[in-house]
Amino acid sequence: MQIHSLDHPAAYDYVVYGASVGGILLALHHAAAGRKVLVLNAYGFPGGSITESLSCLQQWPEATTPHARELFGELRANPYATVYDGPEGWVLNPEVLKIGLQRALEASDAALLFHVKAHRLDQPGPDGYATLHLIGKEGGLEITGRCVIDASDAGHLTRIVRGTGELTGARLCLFTSPLPAGAKPVVEGLPGLQQAVRLPDGRYWLALALPADAQTLVETAANDRLDELTRALAPHEGRLQIVPAETQLLYQPAPAPAAAPFYHVADLLPGRTYAPHQWLQQAADLEAAAGQGGRGV
């Protein structure tokens, strides 16, 4: 692993915006092939919406590529990686996933730059490299890359670059403290409840729908929903145990131009769609597409 040097900026073959599981597998693939790769992330930890938005209920993926097999094999062998295994899927421990992804990055030649957010992408210059403008703790930053890929699960960079696309939904995912069996009707009656998984220790993993008419109002709605949950659980001596860093935005990007230095992960897997519980499978498919030399990968 390398940390991107602000004093000696370099041009990269691939700039991956978003340290999601899919973004990391793409970065590992290209770094192993000898390409210069940089992974950018808004938070100081990897995992995408699984760790940032606690979208922890996942179906176990079919993985045939080297890095996906290794990563998912290690997770499956770790007794602390999952807190639930049932017909709905696996509820992942987000902290164990963070550690596994961080170790994979540290063992690679990919460079990292975390705690940054993008605000503009310039078209390529005569040298064929595009410039991505970022805001970080140090101020304004510029990164150049031959290919820029938005691997954030919520399509943050794609909305900036294309200015189009559709916000198809928003969810608030969280963990509660252990609740008595008698609290089940209260949980099932929560406003906007989409999924509720009772864990073996009595805790719940919950996913609640939020109004997604305007992105600017999603976080306000999430805060209101957290207050409602706090009041609903209090009579049962329950509380909110783990809340997300941000609410989960479900985004459908606009179609990609015929040729561009910029891609959203959906452009790399044409014709395929993934639900929030299929992020691991999407990640495995991204590495497979990279191995086949598909569009933009």
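Just so it is clear, none of the values below were taken in a lab; they were calculated from the coordinates. Predicted, not measured: the structure shown is a model, and the values here were computed from it. Ideal geometry is used to build each Cβ from the backbone, glycine not excepted, and the neighbour counts take in all protein chains shown.
Values computed for the structure shown
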| item | result |
| --- | --- |
| Loop GluC sites (Glu not before Pro), region 126-205 (other Cβ atoms within 10 Å of the site Cβ: 14 or fewer; DSSP) | E138 |
| Ratio Rg/Rh, restricted to region 136-282 and using Cα atoms, in which Rh is the Kirkwood radius | 1.06 |
| Helical contribution to [θ] at 222 nm, DSSP H n ≥ 4, -39,500 (n - 2.57), averaged over the chain, rounded to 500 | -8500 deg cm²/dmol |
| Whole-Å distance, taken between Cα centres, linking region 60-103 and region 114-190 | 22 Å |
| Within a Gaussian network of the chain (alpha carbon springs, distance under 10 Å), most fluctuating of Q102, Q252, Q194 | Q194 |
| Ranking of I135, I24 by count of other Cβ atoms within 10 Å, fewest first | I135, I24 |
| Kirkwood hydrodynamic radius of the chain, from inverse mean 1/r over distinct Cα pairs, in Å | 19.8 Å |
| Between 0 and 90°, nearest 10: helix 21-32 axis offset from the chain longest Cα axis | 30 degrees |
| Among H119, N223, T131 the positive-end extreme of the charge dipole of region 103-227 (Cβ point charges) | N223 |
| Volume in Å³ per residue [convex hull over Cα atoms, computed for region 28-140] | 139 Å³ |
| Cβ-based net charge around A170, under 11 Å, with every Lys or Arg adding one and every Asp or Glu removing one | -1 |
| Net dipole in debye of region 166-248 [+1 Lys, Arg Cβ; -1 Asp, Glu Cβ; about Cα centre; nearest 20] | 360 debye |
| Test item: Cα-centred dipole of the chain, Lys/Arg +1 and Asp/Glu -1 on Cβ, debye | 140 debye |
| Coordinate range along principal axes, alpha carbons of region 166-248, Å, largest first | 39, 22, 21 |
